[in-house]
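Written below as structure tokens is the structure these notes are about.
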Amino acid sequence: MISRESIPVHPTAMAPENVNSNGNATNSPWENGCHDSLSLLTSEKAVMEIIEQPLVQGIEDHLVEFSEAMRTVSKALRRAAEGKASAQAEASEWKRKYELERKRNSQLENKVLASVDLKGNCNEKKVEISAQNLKRMLQSDEQSQIPRGKNGIYSHEVLRDNEHNSYSNIHSKLIRKASFKLHWCCNGEKNDQHKHDVVSFEKGNITTAERSSKQICLKWETPPQTVLVLTKPNSVSVKFLCAEMVRWLREKKLNIYVEPRVRTDLVTESPYFNFVQTWKHDEILLLHEKVDLVVTLGGDGTVLWAASLFKGPVPPFVPFSLGSLGFMTPFHSEQYRECLKSILQGPISITLRHRLQCHVIREAAKSEYETEEPILVLNEVTIDRGISSFLTNLECYCDNSFVTCVQGDGLILSTTSGSTAYSLAAGGSMVHPQVPGILFTPICPHSLSFRPLILPEYVTLRIQVPFNSRGHAWASFDGKDRKQLAPGDALVCSMSTWPVPTACQGDSTNDFLHSIHDGLHWNLRKTQSFDGPRET
């Protein structure tokens with residue numbers, strides 16, 4: 001038998017069933033509440049019509065959403081109530097302890113004053129002993145409340161009242177979050193790893209710092225005064241644009257530096273450019289102390305070469321796209337006036353592009369600190385087999401822990417800015433340049449299970465050619481400065497403390513996505529046809 005509640009009611013079912021001769025509706029059995037359900041079921045056709053009537057579209061979905069929203073609100077209210085009760089209990093507990101401590105201190109002070117009144121004078125030694133006892137008692141109370149763990153790190157604890165306490169029947173147990181301290185660990189005193197402030201800890205809560213979770217913005221405290229213009233060589237269009245840009249910057253009352261080669265070309269073209277400055281060979285290391293802004297005219301290769309001029313701090317870069325690839329050059333040369341005017345006024349969004357610092361340690365070196373001159377790379381350092389027909393054999397260590405033995409064509413250690421370069425061609429992943437990390441990508445490995453890795457930025461990687469290697473290895477830094485690594489030689493790489501700040505057209509994420517769409521045509525395909533098979 002079908003109950004009345006299980007039958008959906010059509011709106012017409014609620015209308016009066018009987019109409020008299022005057023046109024007035026009489027009371028139906030539905031309104032009197034005494035209808036007979038069996039009489040309604042006598043007609044199979046009527047039953048089928050009632051059952052087949054659809055519900056109002058969307059009502060069930062809205063009811064589900066409303067119930068979910070009410071459930072979320074109830075959970076939030078319950079958590080708020082629990083938090084309030086916990087806070088009140090903790091406040092009352094600390095108030096009770098404060099009152100007990102104040103009572104104990106007042107008793108000690110009364111004893112000291114009483115002893116002074118009896119003797120008529122104050123013995124400094126006794127007062128000092130009393131003060132030391134008081135301090136010792138306070139310290140013992142603190143230690144009993146929050147016991148410290150090893151290496152200064154605190155742990156959680158259940159606080160219990162003493163049995164002799166008269167208030168032990170109230171809040172006999174109180175669970176309280178313990179405070180703790182965090183500190184950076186250094187492997188040895190000579191470790192020069194840069195310690196980035198990527199986390200903050202306050203009152204026992206660990207949060208990521210704003211630097212690691214937000215877009216970085218640069219705001220000038222004083223207006224820029226000196227601009228360095230670096231150009232792509234052997235390009236007529238770049239040469240004309242450089243001369244035009246130098247004229248415009250001169251009108252803005254700015255000091256302008258260019259390469260010695262470019263200054264010679266400008267002065268040869270016109271004596272007007274005698275105001276342009278340059279540097280001598282021994283002054284290049286101090287270039288960052290004179291320059292406020294660096295403008296590059298070229299492609300990504302020009303940016304890599306410009307970054308190699310700075311062995312220490314790097315001024316902000318404004319890279320204009322005049323090359324074949326534009327992963328690091330978001331600005332268009334046709335709009336250089338508007339772009340530079342906005343950047344000179346500030347503020348501007350920037351991307352901090354990290355660099356790798358590489359040291360070559362020869363087998364004859366007496367210690368690991370006896371290295372050749374460090375080399376900074378913005379894209380990657382590559383260790384390969386060169387012209388040898390033998391497989392590359394490399395032993396890899398990460399912070400003195402053995403990682404693996406590379407057998408294949410070579411290995412790439414890349415920054416996240418270089419993830420769209422050689423590392424990507426070798427099967428590595430594309431990584432946002434703001435992500436701090438080092439990409440560990442093998443080149444044609446002799447094992448199908450050898451997949452790329454992404455390691456944290458604070459590690460130190462050591463790549464060593466073993467003594468039993470059949471041949472030498474070759475290391476290249478951003479595609480140049482090629483060095484031979486003989487058996488026993490090693491290459492040590494770590495993250496440099498001096499990143500390359502590059503200005504953004506919009507922000508770092510928008511520029512990155514725009515570059516992979518335009519430069520790589522990432523995931524570009526025809527849209528699926530709409531006239532194919534569809535779900536029924």
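The values are calculated or read from the model by the stated rules, or taken from the named source; none is laboratory data. Remember, it's a predicted structure, so these values are computed and weren't measured experimentally. Because the Cβ atoms are built from the backbone with ideal geometry, glycine has one as well, and the counts that use them run over all protein chains shown. These accessible areas exclude ligands, DNA and RNA; they are computed on the full protein's heavy atoms, side chains included. Shrake-Rupley method; radii C 1.70, N 1.55, O 1.52, S 1.80 Å.
So how much slack lies between Gln484 and Leu448, counting 0.36 nm per residue of separation and subtracting their Cα-Cα distance, in nm? Provide the component values of the computation, followed by the final result.
On the way: separation 36, 0.36 × 36 = 12.96 nm, distance 2.77 nm.
This chain segment gains 10.2 nm when fully extended.
Just flag the trypsin sites (Lys or Arg not before Pro) in the range 435-489 sitting in loop per DSSP whose Cβ has no more than 13 other Cβ atoms within 10 Å.
Values: sites: Arg462, Arg470, Lys480, Arg482, Lys483; in loops: Arg470.
Here the sparse-neighbourhood loop sites are Arg470.
Using 0.36 nm per residue of separation minus the Cα-Cα distance, give me the extension gain between Glu90 and Leu513 in nm, one decimal. Working shown, then result.
On the way: separation 423, 0.36 × 423 = 152.28 nm, distance 4.94 nm.
The span from Glu90 to Leu513 would gain 147.3 nm if fully extended.
For the range 404-500, what is the accessible area per residue in Å² when the probe is 1.4 Å? Mind dumping the intermediate values first?
Working: 3960 Å² over 97 residues.
Here the per-residue accessible area is 41 Å².
Among the listed pairs Lys311/Lys366; Lys290/Lys483; Lys239/Lys341, give every one whose C-alpha distance is greater than 28 Å. If you can, show how the numbers build up before the last one.
Numbers: Lys311/Lys366 26 Å; Lys290/Lys483 32 Å; Lys239/Lys341 21 Å.
As for pairs spanning more than 28 Å Cα to Cα, those are Lys290/Lys483.
Can you figure out the FRET efficiency of Arg362 with Gln277, using R₀ = 30 Å and their beta-carbon distance, to the nearest 0.05?
Working: r = 40 Å, r/R0 = 1.32.
So, using R0 = 30 Å, E works out to roughly 0.15.
Could you run the Karplus curve 6.51 cos²θ - 1.76 cosθ + 1.60 with θ = phi - 60° over the range 408-417 and give me ³J(HN,Hα) per residue in whole Hz, x for Gly and Pro?
Listing the rounded values in order: x, 7, x, 9, 10, 10, 10, 7, 5, 5 Hz.
Can you compute the FRET efficiency between Phe467 and Asn400 using 1/(1 + (r/R0)^6), with r the Cβ-Cβ distance and R0 = 22 Å? Round to the nearest 0.05. Before the final figure, lay out each step's value.
Numbers: r = 19 Å, r/R0 = 0.86.
E(calc), rounded to 0.05, equals 0.70.
Express in whole angstrom the spacing between the alpha-carbon centres of the range 464-536 and the range 311-359.
The range 464-536 and the range 311-359 have Cα centres separated by 19 Å.
R0 = 30 Å: FRET efficiency of Leu108 with Arg79, Cβ-based, nearest 0.05? The partial results should precede the final answer.
Numbers: r = 43 Å, r/R0 = 1.44.
Plugging the Cβ-Cβ distance into 1/(1 + (r/R0)^6) gives 0.10.
Using 0.36 nm per residue, how much length does the chain from Glu65 to Leu100 gain when fully extended, once their Cα-Cα distance is taken away? Show your work: numbers first, answer last.
Details: separation 35, 0.36 × 35 = 12.60 nm, distance 5.27 nm.
Full-extension gain reported as 7.3 nm.
How do the peptides 493-504, 441-452, 77-88 rank, highest first, by the average count of neighbouring beta carbon atoms within 10 Å per residue? Numbers along the way, then the final one.
Working: 493-504: 21.5, 441-452: 15.7, 77-88: 10.2.
By packing density, highest mean first, the sequence is 493-504, 441-452, 77-88.
Within the range 246-349, report the trypsin sites (Lys or Arg not before Pro) that DSSP leaves as loop and that have at most 15 other Cβ atoms within 10 Å. Before the final figure, lay out the partial values.
Working: sites: Arg247, Arg250, Lys252, Lys253, Arg261, Arg263, Lys280, Lys290, Lys311, Arg337, Lys341; in loops: Lys252, Lys253, Lys280, Lys290, Lys311.
For trypsin sites (Lys or Arg not before Pro) across the range 246-349 that sit outside H, G, I, E and B with at most 15 neighbouring Cβ atoms in 10 Å, the list reads Lys252, Lys253, Lys280, Lys290.
Quick check: pseudo-label points 7 Å beyond the Cα along Cα→Cβ at Thr222 and Trp248, how many nm apart are they?
A separation of 2.7 nm, rounded to one decimal place.
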